[in-house]
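Please read the structure below before turning to the comments.
The values are calculated or read from the model by the stated rules, or taken from the named source; none is laboratory data. Just so it is clear, the structure is predicted and the values come from calculations on it, not from any experiment. Quick reminder, even Gly has a Cβ in these numbers, built from the backbone with ideal geometry, and neighbours come from all protein chains shown. The protein model used for the area step is the full one, side chains on, heavy atoms only, and it has no ligands, DNA or RNA in it. Shrake-Rupley method; radii C 1.70, N 1.55, O 1.52, S 1.80 Å.
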Amino acid sequence: QVQFVESGGGLVEPGGSLRLSCAASGSISGIVAMGWYRQAPGKQRDLVAGISNIGNTNYADSVKGRFTISRDNTKNTVYLQMNSLKPEDTAVYHCYARTIGMTYWGQGTQVTVSS
């Protein structure tokens, strides 16, 4: 099992920035990738960004150039720096950790972009 502590969500105006953090604990030795998905009301959960344990990253097209994912392996923590936020970025952001055969999910943190 993997447990998460997620933080950094909140309310921000369009064009603003937020930084999400997700600290993993528990059975973390088998983690090969971590990252973030998001889910807006009435929509499916979509990948935002992911990072492997060797630093390879991938992003949704809608966030490329605005969001940056990073990882501190010494703290088992993944970060998502979100800049130039748009109202369509409003969603619950869920941290995930992927092992070979399993994906673990955090409870999520709300991000609301509104004036």
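Here's the yes/no breakdown for (1) of a type in the set (Ser, Thr, Tyr); (2) closer than 22 Å to Glu13 by Cα; (3) in contact with a Pro (Cβ under 8 Å, 6 or more places away or on another chain); (4) at pLDDT below 95:
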{"position": "Gly35", "(1), (2), (3), (4)": "no, no, no, no"}
{"position": "Ile51", "(1), (2), (3), (4)": "no, no, no, no"}
{"position": "Asp61", "(1), (2), (3), (4)": "no, yes, no, no"}
{"position": "Asn76", "(1), (2), (3), (4)": "no, no, no, yes"}
{"position": "Gln81", "(1), (2), (3), (4)": "no, yes, no, no"}
{"position": "Cys95", "(1), (2), (3), (4)": "no, no, no, no"}
{"position": "Arg98", "(1), (2), (3), (4)": "no, no, no, yes"}
{"position": "Met102", "(1), (2), (3), (4)": "no, no, no, yes"}
The condition from (1) of a type outside the set (Asp, Glu); (2) in contact (Cβ under 8 Å) with a residue 12 or more places away in the chain; (3) closer than 22 Å to Ser114 by Cα that Gly42 misses is numbered (2)
Out of curiosity, is Ser25 of a type in the set (S, T, N, Q), part of a strand (DSSP E or B) and surrounded by 14 or more Cβ atoms within 10 Å (Cβ to Cβ)?
no
Just name the residue that is farthest from Gly30 (Cα to Cα) out of those in the stretch 82-115 that are open to solvent by 40 Å² or more (accessible area, probe 1.4 Å) and in contact with a His (Cβ under 9 Å, 6 or more places away or on another chain).
Gln107
Go through (1) under 12 Å from the mean Cα position of the chain (by Cα); (2) surrounded by fewer than 18 Cβ atoms within 10 Å (Cβ to Cβ) one by one and return the number of the condition Lys64 breaks.
(1)
Hey, any hits in the stretch 29-50 for a residue that's assigned to a loop (DSSP other than H, G, I, E, B), farther than 21 Å from Ala91 by Cβ and not β-branched (Val, Ile, Thr)?
yes
Is there a residue being among the basic types (Lys, Arg), touching a strand residue (DSSP E or B) at 6+ places or on another chain (Cβ under 8 Å) and open to solvent by 70 Å² or more (accessible area, probe 1.4 Å) anywhere in the stretch 33-41?
no
Identity of the residue in the stretch 1-19, of a type in the set (A, V, I, L, M, F, W, C), within 17 Å of His94 (Cβ to Cβ) and out of contact with any Cys (no Cβ under 8 Å at 6 or more places or on another chain), that ends up least open to solvent (accessible area, probe 1.4 Å)
Val2
